[in-house]
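S.K.: Once you've had a glance at the structure underneath, I'll fire off some questions.
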Amino acid sequence: QKEVEQNSGPLSVPEGAIASLNCTYSDRVSQSFFWYRQYSGKSPELIMSIYSNGDKEDGRFTAQLNKASQYVSLLIRDSQPSDSATYLCAVERGDDKIIFGKGTRLHILP
Amino acid sequence: GAVVSQHPSRVICKSGTSVKIECRSLDFQATTMFWYRQFPKQSLMLMATSNEGSKATYEQGVEKDKFLINHASLTLSTLTVTSAHPEDSSFYICSARGGRGGEDSPLHFGNGTRLTVT
């Protein structure tokens, strides 16, 4: 099993709708979880970080964490064309290293 | 917010030469820096972790003698690709964090270095 798994997509979502991105991880002792957005040819930028079970909201973004199920998700409300990018799920392992999933390509349809 | 500066942003070199990439944390002390490599349409692959003043730890399959990492100060880490070959062409990204993990130290990325070896 890969350490961090994501559906590669592409995920196509109409403008204004909710985009839902999912991620599972294998290291049970992981405590820190991150969502990054990466535009083509650019470096990743941090969207959300989450450390406790439950939901964390920041503007149009909501991160959800369920440690028992080893599952992290990111919801994007009122999706905009500018949200079209690759979204990377990252998990901090027990050895403090941060490992990335392969990313989900999100395409917002105008 | 925290800023990580990475230079150069692009470099083209001939096969067999060495290339040095610098990563600086501009407004915080980076106790740990991570070096990632990303091939086209692939995710970030962790190459090595460097802690200030100690030897870097390399991920499995990464040649430590080929990818030399130095983290001599709390604000600077360098990656040197020695005797570069065309298969080393990739997007190299450094990242830094100030604490030991958790809520006080998210990962901040440099803008990356596009290396092309001809």
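S.K.: Counting only residues that are more than 26 Å from A:Tyr87 (Cα to Cα) and among the polar types (S, T, N, Q), give me the strands (runs of 3 or more DSSP E) lying completely in the range B:1-117 with at least 3 of them. Give the steps one after another, and end with the answer.
M.R.: Numbers: elements: B:4-7, B:10-13, B:19-25, B:32-38, B:45-51, B:67-73, B:76-81, B:90-97, B:113-117.
Result: B:76-81.
S.K.: Let me ask something else about it. Test each condition in (1) more than 10 Å from the chain's Cα centre (by Cα); (2) modelled with pLDDT under 95 for A:Leu65 and report the one that comes out false.
M.R.: All conditions are met except number (2).
S.K.: Also: Would you please name the residue that is farthest from the other protein chains (Cβ to nearest Cβ), looking only at residues in the range A:97-110 that are hydrophobic (A, V, I, L, M, F, W, C) and crowded, with 21+ Cβ neighbours inside 10 Å?
M.R.: Initial filter on the range A:97-110 (hydrophobic (A, V, I, L, M, F, W, C)): A:98-100, A:106, A:108-109.
Right, trim to crowded, with 21+ Cβ neighbours inside 10 Å and you get A:98-100, A:106.
Values: A:Ile98: 5, A:Ile99: 6, A:Phe100: 4, A:Leu106: 15 Å.
Checking each candidate, the answer is A:Leu106.
S.K.: Ok, one more. Quick check on the range B:40-56. Is at least one of its residues among the basic types (Lys, Arg) and exposed (fewer than 15 other Cβ atoms within 10 Å of the Cβ)?
M.R.: yes
S.K.: Determine which single condition B:Ile12 fails, assuming it passes every other condition in (1) within 17 Å of B:Arg114 (Cα to Cα); (2) within 14 Å of the chain's Cα centre (by Cα).
M.R.: Single failed check for B:Ile12: (2).
The values are calculated or read from the model by the stated rules, or taken from the named source; none is laboratory data. No experiment lies behind these values; they were computed from the predicted model shown. Cβ: placed from backbone, ideal geometry, glycine included. Neighbour counts: every protein chain shown.
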